[in-house]
Structures are given as C-alpha cells and as structure tokens.
Amino acid sequence: MNLASVGTLLGGLGLFLLGVIMMTDGLKLAAGSLLQTILRKFTQTPIRGLLSGVLVTGVVQSSTAVIVTLIGFANAGLLSFAQTLWVIFGANLGTSMTGWLVATIGFNVKIEALALPLIGIGIALKISGSGTRRGAFGTAIAGFGVLFIGIDLLQEAFSDVSANITIPTGDGAIVIVYLLGFGVLMTFIMQSSSAALAITLTATQTGVLPITSAAYVAIGVNIGTAVTSAIAAVGATSNAKRTAGAHILFNVITGLFAVLTLPLLLPALIRMQEATTGNTNPTISLALFHTTFNAIGVLLMIPIAGWMARWLGRQFTAQDNTLVKPQFLDDTAAEVPELGINALRCEVSRAGKTAIETTLATLNGAFPDPQQRPPHSRSAT
C-alpha cells in the first residue's frame, strides 16, 4: 500500500466520520425536543420502547447518542432502568440502518450529481438560518453529502490496494477469532460502529473481503460497541453502568448467536435475496445479515429481559448505597443540557434531604455511616 492510497483511505474515513457527526448533530438540533419526547413518552411498554429505539436511532444515525440520552433520562429520574432496557435493544437494531444507507445509496451515488449539490444546499441553509431549525437541517443535509464523498474515497483507496491485501479466509477457529478481533479493534479505534461497518462494506464491495469473512468482521463491529460502552461507563453513576451493561450483554449474546449460526444463516439470506431481487450483491447481503442477526438478538432478549434488568440492578448498587457520592450526576448528564438541569435538580434535592437527615441523626446522638444507603434513595429499576 503506497502513501497515496493510505492518504486516500484516511481522508475517506475522516470525511465519512465528519459526515456522520454533522448528520447526527444537525438532525438532533432540527428535531428539537421531539426525539427526547419520543424517548420519554413512548417507552411505557416493551414494544413501544423497542420501536422508539429503532426510530430515533434510525433518524439520528447514532446509537451512542440515543444511549447517552437514555442514561441522562435515567440519571434525572425521568425513566426507570426497566423502561430504558428495550430502547437499548431497539437502538442496536436501529443502528443497522447505516449499513443499508451505505449499501443501497453510498455505492451508487454519483458525487457530481448528488453529493456535491447536497453539500452546497446544506451549507446555504446553514448560513442563511444560523441558530434556527433550518440551519440545523442544513447541517444534516451537508453531512449527508460529506458522508457520500467519504464512501467514494474509501472505494478508491480499497480499489487501489485490493490486489496487495490478503485477508484470512475459511471457517477455522483461529481465522474466525482474527476476523472478529479485527471488527472489534476497528470499532474501538474509531469509536464508531457506523464507520467500522462502512469500511467493512467498502472492502466487500471492492473484493478485498469475501462475504463470509465480512460477515464475521461485522459481528466483531457489533461486539466492539460493547467495549466502547464499558469504557464510557467507568466512573459513571449506577444507572449509566446498568445501561452500559445491558448494551454489552445484548451485543455479546447476539454476537455469539451470530457466530454459531452464520454457516446456516448467511447462505439462507443470500438465497432469499437472490430469489426476491434477482441479484447477489455482497454489500446488500452483508447489510441484510447485519440487520437480521440484530433482529434475532431482540427476539432472544424476550425471555431474559426481566432477569437481565434484575441482575444488572443487583450488580451496580454500590454507589447507590453511599451518602457522599452523587447518584444523578456524571459526564453523561452534560451531554444534553436539558437533562443535565433535571439531573442537577434531583442531586440538589437528594443532597438537601441527606443534609437534613444527617443533622437530625447527629442531634439525636446517632452518627450515620457515610457509606449507608439513604432511606429516600430510589430503587435500581
């Protein structure tokens, strides 16, 4: 791989990530409080929570943004952990829409015909409507165009180096672990499953990755998001740790199922694709596989969701049992200002109650243990 190809690859990846960020931020601002309203009001039953997670993640193209918002709601006392659980499952399914976007549009768009005009129109809206919903929507449109330019550059880079790259193939345990690890590593380094999946799809489109190897890498990408969740939850509140734990369990269980069933599931999906569409485009096959195993993962959660909520509630209670550590505030609260204000109100209220109870207990001669659970603390779920 020469330096020019490396530069094209890095530039394409950077533009793709920039496009995703612009789309996510723009759509979140353009929607205003609508997305938060959906997450807050339409999560009363498991099915509604699942659909909310799919819808919101499909719109903003970022499961991370949705999960951060969920943690903020839980920390602010607006949602219980049990309510957030099915939204998390839906967010994992909704993020597979990125694969369809790349596979169906990204590889077929002509930069001159669509991507560049989108950027021009988007920036015009941004400039003319700075600080307004129109401007935010313009940012999202421009991001859409930047994303396609990134995909085009990724294709160019992979086409240049496809003859010089050899990817391990086969169904041996070592090869499978290698491919899974590669997907996990890509997601961890880029901190974006969307970007990692886009690279996998591009490598498949250009012939660098055969479809079976690409499918294992896609499973690794899914599992890799669990690693980023685990890192994000370090030092966070118990609610954040429970949410991250649910995300990790879903991805690990789903990934394990996908690995075990891939030899049967992938060929069946390819045959179904050929029978219904008349083609065997490998990128469509990969997007179909990615969505299917995430959908099956949701079905696998139905009998164990209740157990999972109770188990996670028991695992992360140490912080809830202390008087001196915040129960509602962590870094996630600052991601969404409105939620941060609610979380701060809850924390100030808790601190005031704790101060009164501690003062009364001290006046009565009882010196409370700062590690004990305050009587007004809410339960895990």
Subject >> Burial order of peptide ranges 261-267, 201-207, 171-177 (average beta-carbon count within 10 Å, highest first) >> reply: 201-207, 261-267, 171-177
Original post:
For the peptides 183-190, 21-28, what is the packing order when you average, over each peptide's residues, the other Cβ atoms within 10 Å and list the highest mean first?
Top reply: 21-28, 183-190
**OP:** Using per-residue counts of other Cβ atoms within 10 Å, averaged over each peptide, order 119-127, 288-296 from highest down.
**Re:** 288-296, 119-127
Original post:
By a straight-distance test (C-alpha under 28 Å), which lysines pair with Lys241 as possible cross-link partners, with residues fewer than eight away in the same chain excluded?
Top reply: Lys28, Lys41, Lys325, Lys353
**OP:** First obtain the Kirkwood hydrodynamic radius of the stretch 91-210 from its Cα pairs, then insert it into the Stokes-Einstein equation at 20 °C and 1.002 mPa s, and state the resulting D in µm² per second as a whole number.
**Re:** 133 µm²/s
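Rule-based calculations on the coordinates, nothing more; no lab input. Note that the structure is a prediction, hence the values are computed from the model and not measured. Every residue, glycine as well, gets a Cβ built from its backbone with ideal geometry; the counts of neighbours run over all protein chains shown.
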